[in-house]
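Take a look at the structure below.
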Amino acid sequence: MEMEEGTEWLLELLTEVQLQQYLVRIRDDLNVTRLSHFDYVKGEDLEKIGMGRPGQRRLWEAVKRRKAMNKRKSWMGKTNQMPWMTSSVRSMPCTHWITRT
């Protein structure tokens, strides 16, 4: 199985749900090279490449988990990149940010 640069995440995702045999077909036939490309894949597309319904359900659940994980990482990265916020403020509980009247 030849890996194209930048699709290691796809192999990892498929391996998590024991569907790694579909890597080449998903990457080449369905042109999925980014997680967001799954937004445009339908069940019929997966059926056409030979994936059964149970495999599809496992794949969709893994995609959903990966998207949620990426969303959390993205949000955390943004809070850590706020230049006005020092590291001591970032590690401070939010109750210290709120001024009480």
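Couple of notes before you dig in:
- Test set (1) buried (at least 16 other Cβ atoms within 10 Å of the Cβ); (2) among the polar types (S, T, N, Q); (3) in a helix (DSSP H, G or I) - Thr15 fails condition number: (1)
- Any chance Arg72 is under 21 Å from Glu12 (Cα atoms), outside any loop (DSSP other than H, G, I, E, B) and at pLDDT below 85: yes
- Checked against (1) at pLDDT 95 or above; (2) of a type in the set (Gly, Ala, Ser); (3) farther than 19 Å from Leu10 by Cα, Ser91 passes all but condition (1).
- Residue within the range 5-27 that is at pLDDT below 95, hydroxyl-bearing (Ser, Thr, Tyr) and touching a Leu at 6+ places or on another chain (Cβ under 8 Å) present: yes
- Residue among Leu23, Leu35 that alone is within 12 Å of the chain's Cα centre (by Cα), of a type in the set (A, V, I, L, M, F, W, C) and within 14 Å of Leu59 (Cα to Cα): Leu35
- Residue list for the range 18-52, filter: among the aliphatic types (A, V, I, L, M) and assigned to a helix (DSSP H, G or I): Leu23, Val24, Ile26, Leu35, Leu46
- Residue check for Arg100: surrounded by fewer than 10 Cβ atoms within 10 Å (Cβ to Cβ), on the phi < 0 side of the Ramachandran plot and modelled with pLDDT under 95: yes
The values are calculated or read from the model by the stated rules, or taken from the named source; none is laboratory data. As the structure is a computational prediction, the values presented were derived from the model and not from experiment. Cβ coordinates were reconstructed from backbone atoms using ideal geometry, including for glycine residues, and neighbour counts include every protein chain displayed.
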